[in-house]
Amino acid sequence: MVSLPFADHCEPLIEKPEDRQEILNLLQRAVKRENWKYIEMRPRSSDILSEPGLEKDGSFCFHVVDLRSPLTDLFQAFQKDSIQRKIRRAEREALCYEEGRSEVLLNKFYRLMLQTRRRHKLPPQPADWFRNLIVCLGERAKIRVASKGGQAIASVLTLSHGATVVYKYGCSDASYHNLGAMPFLFWKAMQEAKEKGFQEFDLGRSDTDNAGLIAFKDHLGATRSMLTYIRISVSRLWIANEGYGMQIARRLFARMPDGLLAAAGKLLYRHIG
């Protein structure tokens with residue numbers, strides 16, 4: 001049991017400290033009663049670890065850009081070589097920029113997602129997952145696509161709530177990375193968020209061993225902190241390393257044709273969120 005699955009973080013929805021303890025007591029009883037392996041919580045703050053009966057689980061790097069600064073300051077906070085110059089390169093290349101929630105944009109996004117997940121040796125999320133996000137969230141979900149010569153080369157999907165815009169998914173064609181399409185899309189998304197009065201741009205979590213992704217988010221001028229997940233469990237038998245079977249599966253994912261890779265994602269993604 002996970003709160004919330006497919007989300008990087010979610011604070012307990014409480015009004016006073018005693019509410020949190022009451023919820024934790026209930027969950028600790030539920031683990032035993034329902035014979036669950038564990039319950040996982042994903043708070044943004046780590047003070048909940050002071051409560052008894054909780055175990056520290058995985059930790060991730062977490063990045064947020066403060067949008068309350070002027071646009072000129074936000075741009076100056078970008079790393080000069082890897083971000084600022086890439087944005088200027090994208091502008092010189094006259095990349096086509098599109099945004100919205102249409103089925104056409106979703107198809108462009110998903111074709112790039114298949115390429116990206118194959119590079120990472122992972123199955124993709126089902127197309128219906130993204131389609132349902134757009135249907136359920138409406139204007140709070142948006143797809144952004146950058147194209148060159150009529151071909152989509154990079155895309156991001158963002159969500160918004162309250163004062164925050166969340167970068168949730170990104171994908172690209174690696175053969176066009178030199179054109180700066182991804183920094184260009186992030187800058188477009190931040191400009192729009194700033195203009196609409198949002199106060200922070202949530203860049204999400206990164207695995208602590210993913211140095212490249214962490215550096216990219218650092219270079220966007222984001223503030224880095226740690227996300228620590230918490231588990232309630234009867235025993236610690238749930239801990240396991242990636243086994244030989246998963247290593248074989250990752251090699252297969254890297255070589256599957258699009259149709260088979262998408263089918264694998266539809267079958268497996270509900271178990272890896």
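The values are calculated or read from the model by the stated rules, or taken from the named source; none is laboratory data. As the structure is a computational prediction, the values presented were derived from the model and not from experiment. Neighbour counts are summed over all protein chains in view; Cβ atoms, including those assigned to glycine, are modelled from backbone coordinates with ideal geometry.
Per-structure values
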quantity: Flag if Ser50 is more than 30 Å from Gly197 (Cα to Cα), free of Cβ contacts under 8 Å to residues at least 12 places away in the same chain and either in contact with a His (Cβ under 7 Å, 6 or more places away or on another chain) or small (Gly, Ala, Ser) (or both); calculated: yes
quantity: Given (1) hydrophobic (A, V, I, L, M, F, W, C); (2) farther than 19 Å from Glu11 by Cβ; (3) buried (at least 20 other Cβ atoms within 10 Å of the Cβ), index of the condition Phe62 fails; calculated: (2)
quantity: Criterion violated by Gln115 - all others in (1) touching a helix residue (DSSP H, G or I) at 6+ places or on another chain (Cβ under 8 Å); (2) on the phi > 0 side of the Ramachandran plot satisfied; calculated: (2)
quantity: Conditions (1) part of a strand (DSSP E or B); (2) at pLDDT below 95: number failed by Val234; calculated: (1)
quantity: Test: residue in segment 184-195 that is among the polar types (S, T, N, Q) and touching a strand residue (DSSP E or B) at 6+ places or on another chain (Cβ under 7 Å); calculated: no
quantity: Enumeration of residues in segment 1-10 that are without any contact (Cβ under 8 Å) to a residue 40 or more places away in the chain and surrounded by 13 or more Cβ atoms within 10 Å (Cβ to Cβ); calculated: Met1, Ser3, Ala7, Cys10
quantity: Given (1) within 25 Å of Asp207 (Cα to Cα); (2) of a type in the set (D, E, K, R); (3) touching a Leu at 6+ places or on another chain (Cβ under 8 Å), index of the condition Glu51 fails; calculated: (1)
quantity: Residues of segment 84-101 satisfying the condition of being in contact (Cβ under 8 Å) with a residue 24 or more places away in the chain, small (Gly, Ala, Ser) and not in a helix (DSSP H, G or I); calculated: Gly100
quantity: Selected residue (criterion: farthest from the chain's Cα centre (by Cα)) from residues of segment 133-156 that are surrounded by 19 or more Cβ atoms within 10 Å (Cβ to Cβ) and not in a strand (DSSP E or B); calculated: Ile134
quantity: Residue identified as surrounded by fewer than 18 Cβ atoms within 10 Å (Cβ to Cβ), part of a helix (DSSP H, G or I) and in contact (Cβ under 8 Å) with a residue 24 or more places away in the chain among Phe109, Phe75, Phe130; calculated: Phe75
quantity: Selection within segment 23-41 - touching a residue at least 60 places away in the same chain (Cβ under 8 Å), surrounded by fewer than 16 Cβ atoms within 10 Å (Cβ to Cβ) and not in a loop (DSSP other than H, G, I, E, B); calculated: Lys32
quantity: Verdict on Arg20 being exposed (fewer than 13 other Cβ atoms within 10 Å of the Cβ), in a helix (DSSP H, G or I) and free of Cβ contacts under 8 Å to residues at least 40 places away in the same chain; calculated: no
quantity: Any hit, segment 42-64, residues being farther than 26 Å from Asp209 by Cβ, among the β-branched types (Val, Ile, Thr) and not in a loop (DSSP other than H, G, I, E, B); calculated: no
quantity: Matching residues in segment 112-125 - criterion: being in a loop (DSSP other than H, G, I, E, B) and either surrounded by 19 or more Cβ atoms within 10 Å (Cβ to Cβ) or of a type in the set (Lys, Arg) (or both); calculated: Lys121, Leu122, Pro123, Pro124, Gln125
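Let's see how each residue does on (1) among the hydrophobic types (A, V, I, L, M, F, W, C); (2) farther than 30 Å from Thr228 by Cβ; (3) in the same structural domain as Leu105 (by TED's automatic domain parsing):
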| residue | (1), (2), (3) |
| --- | --- |
| Gly170 | no, no, yes |
| Ala174 | yes, yes, yes |
| Gly180 | no, yes, yes |
| Leu185 | yes, no, yes |
| Ala189 | yes, no, yes |
| Gly204 | no, no, no |
| Ala215 | yes, no, no |
